[in-house]
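Report on the structure given below.
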Amino acid sequence: MVQTPPCTSAEVAPGSLRAIAEDLRTLAWLHASEHRPDTWLALHAAGFPRGLVAVPARCAEAQAMAQALTRLRVDVEANPQRAADELDVDYADIYLTHALRASPCESVWCDDDHLVMQGPTFAVREFYRQHGAMVADRRRMSDDHLSHQLEFLGRLLDGGQQAVAAQFLHQHLMVWLPRFAARVAERAATPVYAALAALTLRAGLTLQAQLADSAASAAAAD
């Protein structure tokens, strides 16, 4: 088997942070609720994941998602109800019932007792507050949910707050996202959700590297 070389931040064009912000919003939307197979297939037809700036098409994570969506199309053609049910169950096991023990919330990974709505949740909420953001639907999804964190980063990038985005990645998202992604990749029942976790991690790593490069360039210019 030919091994795909690891992707690096050098493959992402400089000055692409606004485009990466849009990628983060797309990923946030995918993590926020379950989507029917026709939605996933429409995304694929529209160029997902090929169009993601944060995960170039040659990256293993992008290729895995493309393959998962190609397989989903085959599954839908064979038995559309079963394909839909499998996606729904897998989403519930990851995001709702936590049957896979792969919570999309920071608190579960970072709290000493691995509980939801503990200190890490409130630390994320306070970080949002300090930078003019607030979660309106925290009863449905707590402040530290992956979807909210991705949305927040997109907002920071849109506002040119690169140093704050780098701080948030360092203090929050990238502390636990690698563990979440590894757990989902290992235990998810569907290739789609396994690929989504890996794709999201790659986007986070790309953003982290891009922000570090931008900071280094700014420091050198000074």
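Rule-based calculations on the coordinates, nothing more; no lab input. Since we're looking at a predicted model, the values are computed, not measured. Counting neighbours? That spans all protein chains shown, and the Cβs are built from the backbone with ideal geometry, glycine included.
The separation of segment 85-127 from segment 33-80, counted between C-alpha centres, amounts to 24 Å. According to the calculation over all Cα-Cα pairs in the chain, the P(r) per 10 Å bin from zero is 8, 33, 36, 19, 4, 0, 0 %. Summing Lys and Arg as +1 and Asp and Glu as -1 over all other residues whose Cβ lies under 14 Å from the Cβ of ALA102 gives a net charge of 0.
Working from Cα pairs under 8 Å separated by at least six residues, relative contact order for segment 15-221 is 28 percent. Just to confirm my numbers, what's the Cα centroid distance between segment 173-222 and segment 128-150 in Å? If you average the Cα positions of each part, the centres end up 19 Å apart.
Each Lys or Arg adds one and each Asp or Glu takes one away; over the other residues whose Cβ falls under 13 Å from the Cβ of THR26, this sums to -1. When the chain is treated as a Gaussian network with alpha carbon springs shorter than 10 Å, the biggest mean-square fluctuation among ALA64, ALA45, ALA185 belongs to ALA45.
Let me have the 222 nm mean residue ellipticity of the chain computed from DSSP H runs of 4+ only, each contributing -39500 (n - 2.57), with the sum over all residues rounded to the nearest 500.
For the chain, the value works out to -20000 deg cm²/dmol.
Are there trypsin sites (Lys or Arg not before Pro) in segment 118-215 that DSSP marks as loop and that have at most 15 other Cβ atoms within 10 Å, and which are they? Passing both the DSSP loop test and the Cβ count: ARG138, ARG139, ARG140. Electrostatic tally near GLU126: other residues with Cβ closer than 14 Å to its Cβ, Lys and Arg +1, Asp and Glu -1, net 0.
What FRET efficiency comes out for ASP85 versus ALA42 if R0 is 25 angstrom and r is the Cβ-Cβ distance? Round to the nearest 0.05. After rounding, the FRET efficiency stands at 0.85.
How high is the FRET efficiency between GLU77 and ARG18 when r is their beta carbon distance and R₀ equals 45 Å, given to the nearest 0.05? It comes out at approximately 0.75.
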